[in-house]
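Enquirer: Dropping a structure here in structure tokens format, bear with me for questions.
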Amino acid sequence: MELGHVLSEGKTKIVYAHPTDPDLAILFHKDGITAGDGARRHVIAGKGALAGQTTANVFRLLNRAGIATHFVDAPEPTLTVVRRCVMIPLEVVMRRVPAGSYLRRHPEAAGQRFDPPLVEFFLKDDARHDPQITPDEIVTQGIATPAEVEQMITTGQEVFTTLEAAWATLDVTLVDLKIEFGRASDGTLLVADVIDNDSWRIWPGGDPNRMLDKQVYRNAQVVDEDVLADVYARYAQVAELTGRWEV
Ligand code: C5P
């Protein structure tokens, strides 16, 4: 499909204006994979198409569940048509089980289960390694209104439980999940950005040794061709599995 001018470029995607509709934008999913705030970076041919397919599968499910998202269409595997948003510079993380940075901050929480899912906010700032930020700080720093913070918590939990239930039908445990929000031109808060295999921890049968997500790449001591092929195979499996959620 035809693309407009570049609005922004990140590590894993390029955001284009829509050629004719100012209310839309087009995401192009790149083949890059990075970790450690960009300290580790590789290219895996075909990863962008898998990211686009997984994102489309996830957002179609959320839209069917009645959650307000930016997703409009995926005309090609590497392209996502979305409602144009002004992004809120926060990573909103929902957790059912303590893992990753939460366990590092709260080692005593090992084995706990959060019900409802715990919600944490991180400020998007690579130079400061995305520091955690409280709801009060979000409001006093003018990043979002109190009503928006409330909505991000409620919608974040709804996104989590919707995806958790979908993964459960495939006997996969959704451990945690990161999403981002944007404001549409009318000010509505929408679930935006991408949600793909870089965005969550997913453990088949609840077994961390069988993880299918990006953590495999983050954990690798040395990244060689074999590791990249293994990472690709897991991303391909996740694109196929999330495709089974289509009704
Ligand atoms: O590292 P941490 O435990 O805080 O990550 C929580 C969840 O958020 C994980 O599923 C991770 O993949 C995701 N995440 C992300 N992008 C980041 C940081 C975390 O998608 N920059």
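Enquirer: Report yes if some residue within the stretch 177-184 is among the hydrophobic types (A, V, I, L, M, F, W, C) and surrounded by fewer than 18 Cβ atoms within 10 Å (Cβ to Cβ); otherwise report no.
Expert: Scanning the stretch 177-184 turns up at least one residue that is among the hydrophobic types (A, V, I, L, M, F, W, C) and surrounded by fewer than 18 Cβ atoms within 10 Å (Cβ to Cβ).
Enquirer: For the stretch 181-221, what are the residues that are within 15 Å of the ligand (Cβ to nearest atom) and among the acidic types (Asp, Glu)?
Expert: Once the filter is applied, which keeps residues that are within 15 Å of the ligand (Cβ to nearest atom) and among the acidic types (Asp, Glu), the stretch 181-221 yields Asp193, Asp196, Asp198, Asp213.
Enquirer: Across the stretch 107-138, which residue is farthest from Leu190 (Cα to Cα) among those that are among the aliphatic types (A, V, I, L, M) and under 23 Å from the mean Cα position of the chain (by Cα)?
Expert: Ala127
Enquirer: Okay, next question. Could you list, in sequence order, the residues of the stretch 39-73 that are more than 23 Å from Glu158 (Cα to Cα) and outside any loop (DSSP other than H, G, I, E, B)?
Expert: If the condition is that a residue be more than 23 Å from Glu158 (Cα to Cα) and outside any loop (DSSP other than H, G, I, E, B), then Arg40, Arg41, His42, Val43, Lys47, Gly48, Ala49, Leu50 are the ones that fit.
Enquirer: Got a sec? Which of Ala56, Ala110, Ala49, Ala147 is assigned by TED's automatic domain parsing to the domain that holds Lys11, open to solvent by 20 Å² or more (accessible area, probe 1.4 Å) and not hydroxyl-bearing (Ser, Thr, Tyr)?
Expert: Step by step, each of Ala56, Ala110, Ala49, Ala147 is checked, and only Ala49 is assigned by TED's automatic domain parsing to the domain that holds Lys11, open to solvent by 20 Å² or more (accessible area, probe 1.4 Å) and not hydroxyl-bearing (Ser, Thr, Tyr).
Enquirer: Can you name the number of the only condition in (1) within 22 Å of Asp213 (Cα to Cα); (2) in a loop (DSSP other than H, G, I, E, B) that Met94 fails?
Expert: So Met94 meets the others, but not (2).
Enquirer: Only one of (1) surrounded by 15 or more Cβ atoms within 10 Å (Cβ to Cβ); (2) of a type in the set (Asp, Glu); (3) farther than 16 Å from Val194 by Cβ fails for Asp125. Which number is that?
Expert: Asp125 satisfies all of (1) surrounded by 15 or more Cβ atoms within 10 Å (Cβ to Cβ); (2) of a type in the set (Asp, Glu); (3) farther than 16 Å from Val194 by Cβ except (1).
Enquirer: How about the stretch 14-38: which of its residues are of a type in the set (Gly, Ala, Ser) and not in a loop (DSSP other than H, G, I, E, B)?
Expert: Listed by number, the residues that qualify are Ala17, Ala25, Gly32, Ala35.
Enquirer: Looking at Thr20, Thr55, which is the one that is of a type in the set (Ser, Thr, Tyr) and closer than 23 Å to Arg244 by Cα?
Expert: Being of a type in the set (Ser, Thr, Tyr) and closer than 23 Å to Arg244 by Cα holds for just one of Thr20, Thr55, which is Thr55.
Enquirer: Another question, then. Just to be sure I understand, how many residues within the stretch 199-222 are open to solvent by less than 30 Å² (accessible area, probe 1.4 Å) and in contact with a helix residue (DSSP H, G or I) (Cβ under 7 Å, 6 or more places away or on another chain)?
Expert: Qualifying residue count for the region: 6.
Enquirer: Select from the stretch 68-92 the residues that are open to solvent by 20 Å² or more (accessible area, probe 1.4 Å) and within 15 Å of the ligand (Cβ to nearest atom) and write down the one among them that is farthest from His129 (Cα to Cα).
Expert: So, considering only residues that are open to solvent by 20 Å² or more (accessible area, probe 1.4 Å) and within 15 Å of the ligand (Cβ to nearest atom), the one farthest from His129 (Cα to Cα) is Met87.
Enquirer: Go through Arg104, Arg60 for me and flag whichever is of a type in the set (Lys, Arg), away from the ligand (no atom under 16 Å from the Cβ) and either out of contact with any strand residue (DSSP E or B) (no Cβ under 9 Å at 6 or more places or on another chain) or more than 28 Å from Thr140 (Cβ to Cβ) (or both).
Expert: Within the list Arg104, Arg60, the selection yields Arg60.
The values are calculated or read from the model by the stated rules, or taken from the named source; none is laboratory data. Just so it is clear, the model here is predicted, and its values are computed rather than measured. Cβ coordinates were reconstructed from backbone atoms using ideal geometry, including for glycine residues, and neighbour counts include every protein chain displayed. Note: areas computed on protein heavy atoms with side chains; ligands, DNA, RNA excluded. Shrake-Rupley method; radii C 1.70, N 1.55, O 1.52, S 1.80 Å.
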